[in-house]
Amino acid sequence: MVATVITFGTFDVLHVGHVRVLNRSAALGDRLVVGVSSDALNFSKKGRNPVFSQDERVEIVSSLKVVDTVFVEESLEQKREYVLEHQADILVMGDDWTGKFDYLSDICKVIYLPRTPSVYTTAIIEHISATGMG
Ligand code: C2G
């Protein structure tokens, strides 16, 4: 039986923390499905637009060799539908979301992976602005 893993994220300004969580998610199964947050969902969560548009973020994440399928995540509340639609056996999230998706454990295994410390998209953007590289 093929084990399908699903994970979600904005994946804006792709960095090593993103790559590690995707690699580690892929290693838990045979097929990795990634829900990339829409621009609208990102704005509603963070109050700003991502640096890269959802189409660009989908293209970037799709190009990674450990990623098999990418779709746009329109709403945090649709997780159950997404898990069922993609027939995911395992849902993986970073541990900043610990406990938040345990309610889905009736349909899939829910795993939280530790985040890579000290790497944040916001900090990268601030660093680029501060050093005048932007
Ligand atoms: N991540 C990580 N280490 C970091 C930064 C991020 O492991 N230093 C992980 C996050 O825990 C998450 C994934 O990388 O699992 C994507 O991170 P974000 O793009 O920040 O995703 P987020 O905005 O939290 O969106 O439905 C849930 C949302 O779509 C998650």
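Overview of results
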{"read-out": "Relative contact order (percent, whole number), the chain, Cα cutoff 8 Å, 6+ residue spacing", "value": "29 percent"}
{"read-out": "Per-residue ³J(HN,Hα) for segment 48-54, Karplus 6.51 cos²θ - 1.76 cosθ + 1.60, θ = phi - 60°, Hz, x for Gly and Pro", "value": "8, 7, x, 5, 9, 5, 4"}
{"read-out": "For Glu73, residues with placed amide H under 5 Å, excluding near neighbours", "value": "Val36, Ser37, Ser38"}
{"read-out": "Under 23 Å, Cα to Cα: Lys pairs in the chain, sequence gap 8 or more or different chains", "value": "7"}
{"read-out": "Segment 1-59, dipole about Cα centre (Lys/Arg Cβ +1, Asp/Glu Cβ -1), debye to the nearest 20", "value": "280 debye"}
{"read-out": "Neighbour-count order for Asp95, Asp12, Asp39, fewest beta carbons within 10 angstrom listed first", "value": "Asp95, Asp39, Asp12"}
{"read-out": "Max mean-square fluctuation residue, GNM over the chain, Cα-Cα springs under 10 Å, options Ile111, Ile124, Ile60", "value": "Ile124"}
{"read-out": "Leading residue at positive end of dipole, the chain (Cβ point charges), from Ser129, Val58, Thr69", "value": "Ser129"}
{"read-out": "Once the Cα gyration tensor of segment 30-77 is diagonalised, semi-axes √(5λ) in Å", "value": "21, 12, 6"}
{"read-out": "Cα coordinate range in segment 88-134, projected on the principal axes (Å, largest first)", "value": "49, 18, 13"}
{"read-out": "Overall form of segment 1-106 per C-alpha gyration tensor (a/c, 1.5; a/b vs b/c)", "value": "oblate"}
{"read-out": "Dipole moment magnitude, nearest 20 debye, the chain about Cα centre, only Lys, Arg, Asp, Glu C-beta charged", "value": "380 debye"}
{"read-out": "Leading residue at positive end of dipole, the chain (Cβ point charges), from Phe101, His18, Leu91", "value": "His18"}
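Laboratory data are not the source of any read-out in this text; all were calculated from the coordinates shown. Keep in mind the model is a prediction, meaning the values are calculated, not measured. Glycine gets a Cβ as well: all are built from the backbone with ideal geometry, and neighbour counts include every protein chain shown.
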